[in-house]
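J.: Have a look at the structure that comes next, please.
The values are calculated or read from the model by the stated rules, or taken from the named source; none is laboratory data. The structure displayed is predicted, hence computed values, not measured ones. Using ideal geometry, Cβ is built from the backbone for each residue, glycine included, and neighbour counts are taken over all protein chains shown. The accessibility values were calculated without ligands, DNA or RNA, using every heavy atom of the protein model including side chains. Shrake-Rupley method; radii C 1.70, N 1.55, O 1.52, S 1.80 Å.
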Amino acid sequence: MSSITVNVIDRDGTRTPDVEWNDHESLMEALTRNKFPILATCGGNASCSTCHCYLGSAAETANSSSPIEDEEEDVLDMLDDTRHDDSRLTCQVEWSEELNGAEVTIAPEW
Ligand code: FES
């Protein structure tokens, strides 16, 4: 098993460095396993948006290793104000070594 680490910024601005992300997990699964407040109510099916995060400068890398499919695009479209250029549903972001050290900011709840 391989793993990388990402830095996570919580909704209150707290930054947690070196959060482990294992290669069999989506980014959402890594965040929930590490007890971040991600509800993931749809269980990773790109339909609830409760796993929404901002990927900052890592967005481009994530978008090339895990392209945004139609289902995710539809859900992101409904987010209006909270959707940014670097928004992703983290359940759709697959592990990639190139995302090592990425800065992941948890999006506001609604
Ligand atoms: S867990 Fe529901 S959209 Fe990602």
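J.: Checking GLU71 against (1) of a type in the set (Asp, Glu); (2) within 13 Å of the ligand (Cβ to nearest atom); (3) over 15 Å from VAL93 (Cα atoms), only one condition comes out false. Which one?
T.: Going through (1) of a type in the set (Asp, Glu); (2) within 13 Å of the ligand (Cβ to nearest atom); (3) over 15 Å from VAL93 (Cα atoms) one by one, GLU71 breaks only (3).
J.: So, SER47, is that one open to solvent by less than 60 Å² (accessible area, probe 1.4 Å) and either without any contact (Cβ under 8 Å) to a residue 24 or more places away in the chain or over 12 Å from VAL6 (Cβ atoms) (or both) or not?
T.: So SER47 fails the test.
J.: Still on this structure, I have one more. Inside region 64-93, can you point out the residues that are open to solvent by 90 Å² or more (accessible area, probe 1.4 Å), closer than 13 Å to ALA46 by Cα and not in a helix (DSSP H, G or I)?
T.: GLU69, MET78
J.: Moving on. Taking THR105 as the residue in question, decide whether it is open to solvent by less than 20 Å² (accessible area, probe 1.4 Å) and in contact with a helix residue (DSSP H, G or I) (Cβ under 7 Å, 6 or more places away or on another chain).
T.: no
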